[in-house]
Amino acid sequence: MRESGITEDIVIDAEDTDVIVLCAYAAHRVEGSLGLKRHGSNYDCKKLLTEEIANVIIPLHANTGADAISSFFGQGKKAIFDRVVKSNHYRALLSSVGQTLPVSDRTVDDLRMFTMQFVYNDKTSKTLGEAHAKKWSTIKQKSTLRLPPDEESHHRRADALHTKLTFG
């Protein structure tokens, strides 16, 4: 819209989380004011996130469950987001997502570490298999629906996420 000469403030009226994430990301990359109207209130999209979080919000949102990638069962986006905001390590783990195809081993390793540290809040496991077993042992109502991803399913998830972010 800015390229077509519109200079006024832009306000997007949306409730969908995917749209809110995109607005927060875009506000840090375009000139002018981008606003969001949600539940009857107006928000300045640039103030929704810091620049650092805006740089990784798309892979963070997609990895934790956007419309095209299913979420991790029992792991809310807000709890994961809160863990990310309190850490400095997330940037290194999310910075390569969506950058190149085919997905690199480093990107898969970074997403694996991100899943262990931020999705499952496991700072001690060395492998996804170990984190998988530890998480499974803590689940009171055992069900395969609640099963955290194993190595193979996580790799497929990383491929899907990476492809989605690279090609849209």
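Derivation of every value follows stated rules applied to the coordinates shown; laboratory data play no part. Please read all numbers here as calculations on a predicted model, not as lab measurements. Glycine gets a Cβ as well: all are built from the backbone with ideal geometry, and neighbour counts include every protein chain shown.
Annotation: peptides 53-59, 32-38, 18-24, ranked by per-residue average of other Cβ atoms within 10 Å with the highest first, follow the order 53-59, 18-24, 32-38. Of His39, His28, His61, the sequence from fewest to most neighbouring Cβ atoms within 10 angstrom is His39, His28, His61. The distance separating the Cα centre of the stretch 78-93 from that of the stretch 104-121 comes to 12 Å. When you count the other C-beta atoms within 10 angstrom of each residue and take the mean per peptide, 110-121, 40-51, 91-102 line up highest first as 110-121, 91-102, 40-51. Taking a 28 Å limit on the Cα-Cα distance, which of the listed pairs Lys37/Lys135; Lys78/Lys134; Lys46/Lys86; Lys47/Lys126; Lys37/Lys78; Lys78/Lys123 fall beyond it? Listed pairs above 28 Å: Lys37/Lys135; Lys47/Lys126. What number comes out for the charge environment of Thr124, summing +1 per Lys or Arg and -1 per Asp or Glu over other residues with Cβ under 14 Å away? Neighbourhood net charge equals +2. Extension gain, Ala26-Lys86: 0.36 nm per intervening residue step, less the Cα-Cα distance, totals 19.3 nm.
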